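Asker: Sharing a structure with you now.
The values are calculated or read from the model by the stated rules, or taken from the named source; none is laboratory data. Computed from a prediction, not measured in an experiment: that's the story for all the values here. What goes into the accessible areas is simple: the full protein's heavy atoms, side chains included, and nothing from ligands, DNA or RNA. Shrake-Rupley method; radii C 1.70, N 1.55, O 1.52, S 1.80 Å.
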Amino acid sequence: MVMGLAPRLLGKAELALSIEDLSQANGALEGWQPEGLSIDGAARIVALTMYRGERPFAEIFKDLRRTADARELVALYRGLPLYPKPESLAFEVGEGLRSNMLGVFEAITQHNPYPRLHFDEHRWNHMILKALFVNSSLANIVGLDERNNPELARQLLDHVHERWAAGRGISPEVWRYIGPYAAEVGALDEFERALSGKPSEQAAAALALANNPSPQAKSLLAAHPAAAAKIAEHQVEQANISRNEVV
Amino acid sequence: MSEKPVDLLRHWILRQAKEQSAWFEERVNALAEGARSVNCIW
């Protein structure tokens, strides 16, 4: 067991990465941000990439998943985009997505380009909805705008309806992904309500509409001049929109 | 030209491992010679 000693010999601290390191990571693999990865976890990932045996790598991954503790699972899944034949790990990734351990789910979904590169639309949309369900930020999911799609917008709109019907708040993050299809999925009334809601909702909805070039979106935004002005004056940026204030 | 992600990871580990970097480098080089079983990796 080459890496069984890694935690004892290398420690369990996070890799100390500079801004330049993170920039290099993104240059090597777009969207890959290994911040927060432990040094022993990184060592295990490096070691796994060296595997050249005859058994399919997916079987190796499965064996490891079944016996790994929580920390090892996180490391195992954070390495997804670096392993040989990553597309062969679809079943194993599904198991990770179904995990009730948030750390495992986020090892797949946060700062990891694997979903953008290898998920089909159904799995992609399911991941986004589960992220909302477990209150995990959408902001760090790689490829959100690129992989956004009308079916996801419909599902997010259903999510909005369900939350409102239950008297619950919603993550302001959802408006960004409904926004491009607001007219197509019939979400203009919901945007109207959000534009009259809490400041965080107003800002997120207004920003989403501002990025939609359709006449309906422009007209709706124009009916809310205060919110529109904040967007025009760059008082609201996408980076300010978070899942905060979800009730 | 960008380095491969795994090479970057290896570099960062070595940088941080200090006195244990030789141990890690030796193990990784041994694996590169032919890691044919998961039992010899994980």
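Asker: Which lysines does A:Lys85 reach when only Cα atoms under 16 Å apart count, and residues fewer than 8 places away in its own chain are ignored?
Answerer: Straight-line reach from A:Lys85, under 16 Å: A:Lys62, B:Lys4.
Asker: Taking a cut-off of 24 Å, what percent of all Cα-Cα pairs in segment A:150-245 are separated by more than that?
Answerer: Taking all Cα-Cα pairs of segment A:150-245, the fraction more than 24 Å apart is 11 percent.
Asker: Given a cut-off of 34 Å, what percent of all Cα-Cα pairs of chain A lie beyond it?
Answerer: The answer is 26 percent, as a whole percent.
Asker: Stokes-Einstein diffusion coefficient for segment A:1-104 at 37 °C in a medium of 0.692 mPa s, Rh from the Kirkwood formula over Cα pairs: what value in µm²/s?
Answerer: It comes out at roughly 227 µm²/s.
Asker: Next question, about the same structure. Under 20 Å Cα-Cα from A:Lys218, which lysines qualify once same-chain neighbours fewer than 8 residues away are excluded?
Answerer: Candidates past the 8-residue exclusion: A:Lys230.
Asker: Which percent of the accessible heavy-atom area of chain A goes to carbon and sulfur, probe 1.4 angstrom?
Answerer: It is 51 percent, rounded to a whole number.
Asker: Below 8 Å between Cα atoms, with a sequence gap of 6+, how large is the relative contact order for chain A in percent?
Answerer: The normalised contact order for chain A reaches 13 percent.
Asker: Compactness ratio of segment A:1-42: Cα Rg over 2.2 N^0.38 Å, N = residue count?
Answerer: The value comes to 1.32.
Asker: How much accessible area is lost when chains B and A come together, counting both sides, with a 1.4 Å probe, in Å² rounded to the nearest 100?
Answerer: Chains B and A together bury roughly 3100 Å² of accessible area.
Asker: Please compute the Kirkwood hydrodynamic radius over segment A:132-201, one decimal place, Å, based on all pairs of different Cα atoms.
Answerer: For segment A:132-201, inverting the mean 1/r across all distinct Cα pairs yields 12.5 Å.
Asker: Let me ask you something else. May I ask you to derive the relative contact order of segment A:24-157, considering only C-alpha pairs under 8 Å and at least 6 residues apart, and to give it as an integer percent?
Answerer: 23
Asker: Another question, if that's okay. With an 8 Å cut-off on Cα pairs and a minimum separation of 6 or more residues, tell me the relative contact order of segment A:150-245 in percent.
Answerer: Once divided by the residue count of segment A:150-245, the mean separation gives 29 percent.
Asker: Can you work out the accessible area per residue across the protein assembly as shown, with the rest of the protein chains kept in place, probe 1.4 Å, in square angstrom?
Answerer: With all protein chains present, the protein assembly as shown gives 48 Å² per residue.
Asker: Given only helices, namely DSSP H runs of n ≥ 4 each adding -39500 (n - 2.57), what is the per-residue ellipticity at 222 nm of chain A, to the nearest 500 deg cm²/dmol?
Answerer: -16000 deg cm²/dmol
Asker: Short version: what are the Cα gyration tensor semi-axes of segment A:49-88, square root of 5 times each eigenvalue, largest first, in whole Å?
Answerer: So the equivalent ellipsoid measures 17, 12, 8 Å along its semi-axes.
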